[in-house]
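Visitor: Can you keep this structure in mind? I'll have questions shortly.
The values are calculated or read from the model by the stated rules, or taken from the named source; none is laboratory data. Predicted model, so just to flag it, every value in this text is computed and none were measured. All Cβ positions, even for glycine, are placed from backbone atoms using ideal geometry, and neighbour counts span all protein chains on display. What goes into the accessible areas is simple: the full protein's heavy atoms, side chains included, and nothing from ligands, DNA or RNA. Shrake-Rupley method; radii C 1.70, N 1.55, O 1.52, S 1.80 Å.
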Amino acid sequence: MILVNPHSGRGQALQLFTGHVQGMLTEAAVPYTLVITEHQNHARELVRKADLSQCDALVIMSGDGLLFEVINGLMEREDWQEAIQTPLGILPGGSGNALAASVHHYSQSPPAWNEELLLSCGFMLCKGLVGSMDLVSIHLASRQRLFSFLSLAWGFVADVDIESEKYRHVGAIRFLMGTLVRLASLRVYQGRLAYLPVKEAPTLPKGSIKSNQPPSTPHHQSLCSSLPCRLIPNTSPNQNSRHNHNSTNSNHNTLTNSSNNAITTKRPETQSDGKTRAPEDSLLPGLDQPIPDSWTVVKEEDFVLVLAIYQSHLAEDLWTAPGAMADDGVIHLFYVTAGISRPALLRLFLAMEKGGHLACGCPHLVYEKVKALRLEPVSPQGMITVDGEMVEYGPVQAQIHPGLAKFICG
C-alpha cells in the first residue's frame, strides 16, 4: 500500500509519484494500492484497522510527518508486535525528506537531492530489501506516549521547523529562510538536560576475534511481493469525499482523493489488564521521579538548541549524524549552549551539509551517544518537535528501542 499526502512539500507529491515512480513499479511488476490521505490522522486510523496480512509493505509518499502518523497507528494496534514488523518504505514528497536522505545514504550511494533522490528510493522499493530500524519511545508530561523514527528537538531547530511552515510553498529552501530569520533574533532557552550514555565496548587488540556477536553488516531479507495490497475501506467521517477508481493497468491501483494535515498525539491504548500495548521503557523512571544515578546531568542550563536524532540526516542537505545507522541502537544527542555567536551557529549548519560540523571545533557544540534522555524546559515559552511535528511543550523523556521496526532499504 502506498499512502500519498497530496499537500506535502509544494503540493506536488501525487504528480511526482505518477511522473517518476508509477512507471518504475509497473515495469518491475510490483503490485500496489495507492491511497491519497484525506485529513488529519487518516493514515493513522487506516493502518490501525487495516488487515495487514493483505499488504507486503506500507510505503509513504510524503514528508516525514506522514510516516510518523503511520508508525504510531501501528503501535496502537492490539497486535502491535506483528504490525510493526510490516516493512515501511519512504518516497520523498515533502520539504525535509530526512528519512529518504538517510536511507539513500545507508545504501552507500553518492548524495542525491530532489527527483534524483526520489528515483533512488523508487529503485530501492523495486528491489525490496528489508532491514531493521530503531524507534524511540517518547513520553510527554500529559502521559501521552509517542513513537518516533527521526528526531526530538527543542530550541533553534524546532523553531525553524515550525516557523518556516509559512514558506512551505518554496520547498526545501524554506529551512534556509527560516534559519536566517531565526538567526536574526537568536533565542536562548533555560532548561535541564540529562541522559544515559552509551557504554562503548572496549577496543580489542589487533587480530582478536569477537565471539558470540552478530555480524556488523545488517541482514537484508527480501520483501515478498506475491500478495497485492487491497484497498482498505475509507474510515473517514467525511462521507462526501470523492473516490476515483482506476483499474486501467495490470496493477489494479485504487485512488482515494482529498487532503491531509498535521498529526496529533494520542494516549496509548491499554489492554483490559491495564498494560499499555507497547514495549516497556525499562530505562526510564517516571517523569516525576529523580534522575537515576547512572545518568549524566548536563551542568549548563542555557541552551540554543537540543537535538536528539536517530537517523543520519535531518533534511536532504543536512548530514547531522555522520556515524548514524538505522539500527545502531543509539540516540545521537547534540546540544549547543548559550554564548555561541550568530556567525558561528551559521557556520555549523553550513558545515552540516557535508557532515563536517563536528570538525569545526566549536566549544558550544556537544555531541553524545545515549540510550535515553530527559529534557525539562524551564523557559515558559518554546516549541518541542517530534519528527518535525510540534507536540506539547513541557518535560519530555525518551528511550531507544533497537530494531523495533522494519524498513525498505538498498
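Visitor: Return the residues of the range 319-334 that are within 14 Å of the chain's Cα centre (by Cα) and not in a loop (DSSP other than H, G, I, E, B); say none if nothing qualifies.
Guide: Ile331, His332
Visitor: Scan the range 367-410 for residues that are more than 13 Å from Ser151 (Cβ to Cβ), part of a strand (DSSP E or B) and among the polar types (S, T, N, Q) and jot them down.
Guide: Gln397, Gln399
Visitor: Among the residues of the range 1-16, count how many are among the basic types (Lys, Arg) and crowded, with 19+ Cβ neighbours inside 10 Å.
Guide: Count: 0.
Visitor: State whether one or more residues within the range 292-302 are under 24 Å from Arg174 (Cβ atoms), more than 22 Å from the chain's Cα centre (by Cα) and open to solvent by 50 Å² or more (accessible area, probe 1.4 Å).
Guide: The answer is no; no qualifying residue exists.
Visitor: Tell me which residues, restricted to the range 76-87, are in contact (Cβ under 8 Å) with a residue 60 or more places away in the chain, open to solvent by 10 Å² or more (accessible area, probe 1.4 Å) and out of contact with any Pro (no Cβ under 8 Å at 6 or more places or on another chain). It would help to see each step written out before you state the result.
Guide: Applying the first criterion (in contact (Cβ under 8 Å) with a residue 60 or more places away in the chain) to the range 76-87 yields 76-78, 80, 84-87.
Add one more test, that the residue is open to solvent by 10 Å² or more (accessible area, probe 1.4 Å), and what stays is 76-78, 80, 85-87.
Passing the criteria: Arg77, Glu78, Trp80, Gln85, Thr86, Pro87.
Yes/no matrix, rows are residues, columns are (1) among the polar types (S, T, N, Q); (2) outside any helix (DSSP H, G or I):
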{"site": "Gln22", "(1), (2)": "yes, no"}
{"site": "Leu25", "(1), (2)": "no, no"}
{"site": "Glu45", "(1), (2)": "no, no"}
{"site": "Asp56", "(1), (2)": "no, yes"}
{"site": "Gln81", "(1), (2)": "yes, no"}
{"site": "Thr86", "(1), (2)": "yes, yes"}
{"site": "Gly89", "(1), (2)": "no, yes"}
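Visitor: Scan Glu69, Glu116, Glu45 and give me the residue that is under 30 Å from His169 (Cα atoms) and crowded, with 24+ Cβ neighbours inside 10 Å.
Guide: After applying the criteria, what remains is Glu69.
Visitor: Shifting gears a bit: Could you figure out which of (1) closer than 22 Å to Leu117 by Cα; (2) modelled with pLDDT under 95 isn't true of Ala29?
Guide: So the condition that Ala29 fails would be (2).
Visitor: Given the conditions (1) farther than 25 Å from Ala338 by Cβ; (2) assigned to a helix (DSSP H, G or I), and given that Ser142 satisfies all but one, which numbered condition is not satisfied?
Guide: (2)
Visitor: Do we have any residue at all in the range 132-139 that's open to solvent by less than 10 Å² (accessible area, probe 1.4 Å), over 17 Å from Val386 (Cβ atoms), under 12 Å from the mean Cα position of the chain (by Cα) and modelled with pLDDT of 95 or more?
Guide: no
Visitor: Could you grab the pairs with beta carbons closer than 6 Å, sequence gap of 6+ or different chains, first residue in the range 38-63 and among the acidic types (Asp, Glu), second one open to solvent by less than 10 Å² (accessible area, probe 1.4 Å) and assigned to a helix (DSSP H, G or I)?
Guide: Pairs found: none.
Visitor: Here's something else I'd like to know. Out of Pro228, Pro214, I need the residue that is on the phi < 0 side of the Ramachandran plot, modelled with pLDDT under 80, open to solvent by 80 Å² or more (accessible area, probe 1.4 Å) and not in a helix (DSSP H, G or I). Which one?
Guide: Step by step, each of Pro228, Pro214 is checked, and only Pro214 is on the phi < 0 side of the Ramachandran plot, modelled with pLDDT under 80, open to solvent by 80 Å² or more (accessible area, probe 1.4 Å) and not in a helix (DSSP H, G or I).
Visitor: Of the conditions (1) in a loop (DSSP other than H, G, I, E, B); (2) open to solvent by 40 Å² or more (accessible area, probe 1.4 Å), Leu346 satisfies every one except a single condition; which number is it?
Guide: Going through the list (1) in a loop (DSSP other than H, G, I, E, B); (2) open to solvent by 40 Å² or more (accessible area, probe 1.4 Å), Leu346 breaks only (1).
Visitor: Could you figure out which of (1) open to solvent by 30 Å² or more (accessible area, probe 1.4 Å); (2) under 19 Å from the mean Cα position of the chain (by Cα) isn't true of Leu365?
Guide: (2)
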